[in-house]
Each structure stands twice: as C-alpha cells, then as structure tokens.
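**Student:** Handing you this structure, nothing more for now.
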Amino acid sequence: MVLEATMICIDNSEWMRNGDYSPSRFQAQADAVNLICGAKTQSNPENTVGVLTMAGKGVRVLVTPTSDLGKILACMHGLEIGGEMNLAAGIQVAQLALKHRQNKKQQQRIIVFAGSPVKFDKKVLEMIGRKLKKNSVALDVVNFGEEDEAKTEKLEALVAAVNNNDSSHIVHVPPGPSALSDVLISTPIFTGDGEGGSGFAAAAAAAAAGGAGFEFGVDPNLDPELALALRVSMEEERARQEAAAKKAAEEAAKQEKGEQSTSQDVNMTDTAKAGTSESENKATDLTDDENALLQQALAMSMDDSSSNIATRDTDMPEAAGDDQDLALALQLSVQDSMKDESSPADMSKLLADQSFVSSILASLPGVDPNDPSVKDLLASMQNQSEHKKDEDKEPKEEDKK
Amino acid sequence: MSAESASAIQRNQVDLLDFVDWSGVECLNQSGTHSLPNALKQGYREDEGLVLESDADEQLLIYIPFNQVVKLHSIIIKGPEEEGPKTVKLFSNREHMGFSNVNDFPPSDTAVLSEDNLKGKPVILKYVKFQNVRSLTVFVEDNQSSSDITKVQKIVLCGTTVETTDMKALKKIEDH
C-alpha cells in the first residue's frame, strides 16, 4: 500500500503499427496501461497516475497525475501513431510532472514502455538514471517490440543506474501468443514489489486468462468447493506418492544388498523405455482385471503403506458422496494424475521441477520445504519415480473401480 | 545592554532536536545504509562510526521541519576531514526543494566549513534571517576533498523556541 505518484510514458511511434503483439503493438500497450492504472489506484486510493506520449510531434502530457481512472481511460482514446520515440525527453518531462504533484508525500515512479529502438547513448541514459536516483524517483521499463541487443543493453544500464534497493525494474516481453498485459501481471511492475496490487492482479488474471493464474484453473472466489476438492485431491496424491517413495527407497536399500536384483533390472528396463512399455502396462492392466487384483494384493502385502493409500482412497469417495459435483471433480483429478503417471518423462520432469513441488509443499500447512527430511524425500522421489509409478498404478486401479 | 542581550540569547540556547517533526524529515541522495538518522538522532549521532553518506554524487539535500516555530542561532556539523561537507547552504521555510530548484532562491545563509567546524565548533548564523523558522533545508553542495561521497557524522541545531503552543502537549491536559 505504498503511496505513489506514477507517470506512464507511452510509445506511440511508427514502430507501434506492427502486429507481432495481438492485435497491434499499440493496442497491447494501451491494454497494459489500463491494467496498470487500475492496479495502482486499487492498491491505494490516494495513488495518482498520469500519462504522457513520447513520440508524435513531441513529448506531450495527456493527463497529469490523478486518481480519477475515468480521465486516464478517456485520454487513451483516439491516440495517434506516428513519429519517433524520444526517450530522454520523455523521462525528463515525466520527472517534471512528478515534481509538481499535489501530494508531496507520494513516492515518485515512472513507467516507460520502450517499443522502438533507443537512439541515445548509454552514457546519456546512465546520466539520466543517476539524476532520477538522486531525486529518489523509481523507474520501471517494459522492453517490448523491437528486439536489439544494443537496446536491451542500454535499457538495462538505465535501470541499473536508477535502481535503489530494488525499487526499479526492467521487464523484457518477447512477442508471443500471450498478451502483453498478461505477461506484465506477474511482474514486480504490477505487483508493486510484492504487495498492494496483488489482489487486483489476481482478479485481473482470472478475468483475462480464464483462471490460468490459479493453481487448478479455478478461482477460489467463484467456486470454493471445486477448488477445495481439487486441492484436497492434489495433497492426497502427493502424500500417496511420498509414501510410495519411502517404500521405493526401502526397496532400493534392499536391492543394494543384491536381493531382487534381476526383477529390479527388469523393472528398470521396462520403465526406461519412455512411453511404450508404460502404455502397454496400462493397456494390460485395464483389460486384465484378475491380474490387476493379484498385483494389488501383492503390493499391499509387501508394504503397509500401500494399505494406507487404499484407506485414503476410500476417504475420498465418502467425502464426495455429499455432492455430485465434488465427486466428479475428485474423479477428474484422480484421472488426471493417472494420466500424468502414464508418461514417466512428464511426471519425473514435473517432480524434478523443484519449484513446482516445493510450491505445493509450501501450500500445505505444517510442511516446511526447507526441512532437510522433506528435501531428502524430494531427492528420493526423483530417483525412484519409475518404481513409484508401477506401484501406484495398482491402488489407483482399485479406486477407479 | 546589547552585551547582556547577546549573552541572554546564548544562555537560552537549546538543542532543537526535541522540536523536530520526525514524520516530515527527508533527505535526498542519501545512501540506503547510511541515512539521515545516523547524523540527527540522539544516540546515533554520538557514535563516530554512524555517518550519513551521500549516494549518487556528493550533494545532499536535507529537509527538517519543526513542530513549532523556532529561532535558529547556530549549527554544528561534524564530519571526517576529507569527506566532510564544505559549502553548506541553509534555507528557511522552503518546503520540498529539489536539486533542480536549489539554486533558484538565495539561501538564508551560507556556511563554508573549516576543519574546526568539522570537529565541532558551532557556526554562528545570521540570526536575523532565522527568526521565524518552521522548517530548515540544509543543502550540502560539496565536500572538503571533492570526493564522490560526502559523509556527515553529526548535525546539531541550536536555538530557542518562540512562545507557540505545542499541540500535542495541549491534548494531554485535555485528557485529564
């Protein structure tokens, strides 16, 4: 909730006609500006935002810092594209506009959208950056549009010169399928150094990207039951895998002494063949009920932990009995995790992705991802993921029935 | 008679630290780690190791508002021999100055600090210019050795208060 006055510098030069960002660079920029204004005003009602254009006939201030969102949106209308961007003049005029802000208690920030090539020297930009730092003005740069090593280098130098305690950021947005605004939502430019705009950002993400910003693609605000069900099943699945990993680790310890080495080799070669053997196994499992039952009994007799898995599976259907939607969601999530396992490459990649796993772990109460025992578990999981898949398949088959 | 009044003024000198409005104190171009409280606050400023340092270049702009009107008599600025401030301009009652407009107004007083001053000898100011001070802006223009960083170890403001009511004290009495 930092009290801030922001000046947004828009690039409306000829380079903005390009369509590599849909629908056009200029339109993508305008959407991003609208989102930023909304986020800033929402994070603190006393925040003010102003807009100026850097190209065209010259640098022109469209609206001085104001907290009136309507005024800002109105001025974005009917902007014309043309001319060349004048970065230095744009930043200096923005600095002047901020100096004359109404509320002197507001922190000063400039956000620059740099879409066209930068014609100034690195030295000049660094001097500008130092002057901004001296006057405690923070600077955020969105580097999009024209890609040019010199441009990137110059902009990085500029932000480095201004940066004071990580208050200034630079974001590079390459052209791609996702919109400029969506990419910006997850950056510190939007989230304001980790606080404030995140609430607005979450809502905007749900609206814009259809819930892609959330863990299960479901907004907890819109459908809490569904989100809860998905989350519960995800946690149970993870717990199941952990238990299986422990079992696999025990087995691995046995195998080092030479027991079951041959069967182990067979298993390993099976799982080593990336997709084919697994899908074969799955096919045979699906069709051969008796075999599956036998194997499951075998697995259960081998280790107590799989029986725990079975009981947990029964817990889930009971909970689902209350609500049809819930049951469907649980079923879907179980199937989804099954499909994940059928491709070991994906699964191991998923588990190998430390950040993903630790984020799930962190979401669980009472689990500290930095705990050494948890870290060991993660390591063993990655090693033993193939074994785990075989064993997990059997209890899942039971659950499906 | 003038001698008596002069000594009377000196006898009533108090450290104006108690009358500083801390919520409005600002310092431009200060380093993040070595900031203004190191030079101003009681305790911090006595510590020789804690200094106020400048960041991007050698200039510093310090804004000190007071919670009541004061008369400023003298100022003590202590700093290291090499990087201590040299030319110091003082502006009274100018709010929110920036480095760009600092040269637009004539300063209320200018002090060129000598080595003695940096060791603690007070600089007597033009008292007549500082009769009615609501806020003080201290602009450190350069330092003794023209190095890139200016270091200030201690700033003391000496003067007297005018007979204005301290609003906070008033509230307390009402509570009874």
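**Student:** Mind checking which pairs have a first residue in segment A:71-100 that is at positive phi and a second that is crowded, with 19+ Cβ neighbours inside 10 Å and at pLDDT 90 or above, Cβ under 6 Å, 6 or more apart or different chains?
**Tutor:** Cβ pairs passing all conditions: A:Gly83/A:Ser13; A:Gly83/A:Ala55.
**Student:** Does segment A:160-178 include one or more residues that are crowded, with 20+ Cβ neighbours inside 10 Å, at pLDDT below 90, within 26 Å of A:Gln92 (Cα to Cα) and under 18 Å from the mean Cα position of the chain (by Cα)?
**Tutor:** No; the residues of segment A:160-178 include none that is crowded, with 20+ Cβ neighbours inside 10 Å, at pLDDT below 90, within 26 Å of A:Gln92 (Cα to Cα) and under 18 Å from the mean Cα position of the chain (by Cα).
**Student:** Is it true that B:Lys154 is out of contact with any Pro (no Cβ under 9 Å at 6 or more places or on another chain), charged (D, E, K, R), within 20 Å of B:Cys27 (Cβ to Cβ) and more than 14 Å from every other protein chain (Cβ to nearest Cβ)?
**Tutor:** For B:Lys154, the condition - out of contact with any Pro (no Cβ under 9 Å at 6 or more places or on another chain), charged (D, E, K, R), within 20 Å of B:Cys27 (Cβ to Cβ) and more than 14 Å from every other protein chain (Cβ to nearest Cβ) - is met.
**Student:** B:Lys129 fails exactly one of the following numbered conditions: (1) touching a residue at least 40 places away in the same chain (Cβ under 8 Å); (2) out of contact with any Cys (no Cβ under 9 Å at 6 or more places or on another chain); (3) outside any loop (DSSP other than H, G, I, E, B). What is the number of that condition?
**Tutor:** Looking at each condition in turn, B:Lys129 falls short on (1).
**Student:** Moving on. Looking at segment B:84-100, which of its residues are among the aliphatic types (A, V, I, L, M), in contact with a Ser or Thr (Cβ under 6 Å, 6 or more places away or on another chain) and closer than 22 Å to B:Gly120 by Cα?
**Tutor:** Within segment B:84-100, B:Leu90 is the sole residue that qualifies.
**Student:** Just for segment B:110-126: of the residues that are crowded, with 19+ Cβ neighbours inside 10 Å and without any contact (Cβ under 8 Å) to a residue 40 or more places away in the chain, which one is nearest to B:Lys154 (Cα to Cα)?
**Tutor:** Ranking the qualifying residues of segment B:110-126, first place goes to B:Leu113.
**Student:** So, in segment B:69-105, how many residues would count as being closer than 22 Å to B:Val128 by Cα and either among the hydroxyl-bearing types (Ser, Thr, Tyr) or in contact with an Asp or Glu (Cβ under 6 Å, 6 or more places away or on another chain) (or both)?
**Tutor:** Within segment B:69-105, residues that are closer than 22 Å to B:Val128 by Cα and either among the hydroxyl-bearing types (Ser, Thr, Tyr) or in contact with an Asp or Glu (Cβ under 6 Å, 6 or more places away or on another chain) (or both) number 4.
**Student:** Next up: Just name the residue that is farthest from the other protein chains (Cβ to nearest Cβ) out of those in segment A:87-106 that are surrounded by fewer than 19 Cβ atoms within 10 Å (Cβ to Cβ) and in contact with a Gly (Cβ under 8 Å, 6 or more places away or on another chain).
**Tutor:** Of everything passing the filter in segment A:87-106, A:Ala89 is farthest from the other protein chains (Cβ to nearest Cβ).
**Student:** Another question about this same structure. Please verify whether segment A:128-146 includes one or more residues that are away from chain B (no Cβ under 14 Å), part of a helix (DSSP H, G or I) and free of Cβ contacts under 8 Å to residues at least 12 places away in the same chain.
**Tutor:** Keep residues of segment A:128-146 that are away from chain B (no Cβ under 14 Å), which gives A:140-146.
With the extra rule that they be part of a helix (DSSP H, G or I), the set shrinks to none.
No, that holds for no residue.
The values are calculated or read from the model by the stated rules, or taken from the named source; none is laboratory data. As the structure is a prediction and not an experimental result, all values here were calculated from the model. Glycine also receives a Cβ, built like all others from the backbone with ideal geometry; neighbour counts cover every protein chain displayed.
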